[in-house]
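Asks: The following block contains the structure, expressed as structure tokens.
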Amino acid sequence: MNVSSADPRVIKQILLSQWIQNTDPTVPASSSASGNGGMFGVLLNSLLQADRAEAGTEPHPLLRMGRIGGTAAPFDPPQDHAEGSFAFDHLIHAAAARYGLDPALIKGVIQTESGFDPKAVSRAGAKGLMQLMDVTARGLGVTDAFDPAQNIDAGSRFLSYLLRKYDGNVTSALAAYNAGPGRIDRLGLTTDAQIAARMDELPAETQNYLRKVLAAASYWSRQTY
């Protein structure tokens, strides 16, 4: 294979598959084969960095304000937004413009992941506003997962990649963000329709996560901020 003439998208898929095989973003770094995963993560990150130019500033049609989750999605309304939830809007909007995302979706992820607490740490060891595992953070070039700017940029960059990987299918991308792309790929849940039809095949945590993120994102899409 002539690497210099290969399609970057093919290389990126190969690197992602190797990264998934060697490191599971949903488990602590101490439980992963961090050596090869780190190598592939660095290579993958170099390609993800180039996605800034590919993404442009126009959100994917499925992510435009008011359309997240669809009108018939059976999601509970989000809880009242936490105190300080507006503190990171400038970083959220910058990341949204950089990676072609709806800022309401990023904000919905942050609300669900950390409740807008930049120092949040999960029981599994995920850190910061968008709850990055150490191995994922390293692969995305993050040096301090508790730094809001680095955390939001990296989490948004990875979410943007997942949306392109799953052809703009929002729930598939969010499920992969929560449960890991390896698990979603093994289940073959690559579209929103498949997620809706086979929701019970997802872990209960991921099912609840999808409802919370989409409800929160829908809420934030109706706010002026």
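Nothing in this text is a laboratory measurement; each read-out follows from the coordinates by a stated rule. Remember, predicted model here, so these are calculated numbers, not experimental data. In this analysis, Cβ positions are derived from the backbone assuming ideal geometry, glycine residues included, and neighbour counts consider all displayed protein chains.
Asks: Compute the separation of the alpha-carbon centres of the range 190-225 and the range 104-164 and state it in Å as a whole number.
Replies: With the range 190-225 and the range 104-164 each reduced to a Cα centre, they are spaced 17 Å.
Asks: In whole percent, what relative contact order does the range 80-225 give with Cα contacts below 8 Å and a gap of six or more residues? Could you put the intermediate results ahead of the total?
Replies: Working: 184 pairs, mean separation 35.8, N = 146.
Relative contact order for the range 80-225 comes out at 25 percent.
Asks: Filter the trypsin sites (Lys or Arg not before Pro) in the range 135-170 to those in DSSP coil with at most 13 other Cβ atoms within 10 Å of their Cβ, and list the result.
Replies: none
Asks: So, by mean Cβ neighbours within 10 angstrom, what's the order for 140-152, 91-103, 172-184 with the highest one leading?
Replies: Output ranking for 140-152, 91-103, 172-184: 172-184, 91-103, 140-152.
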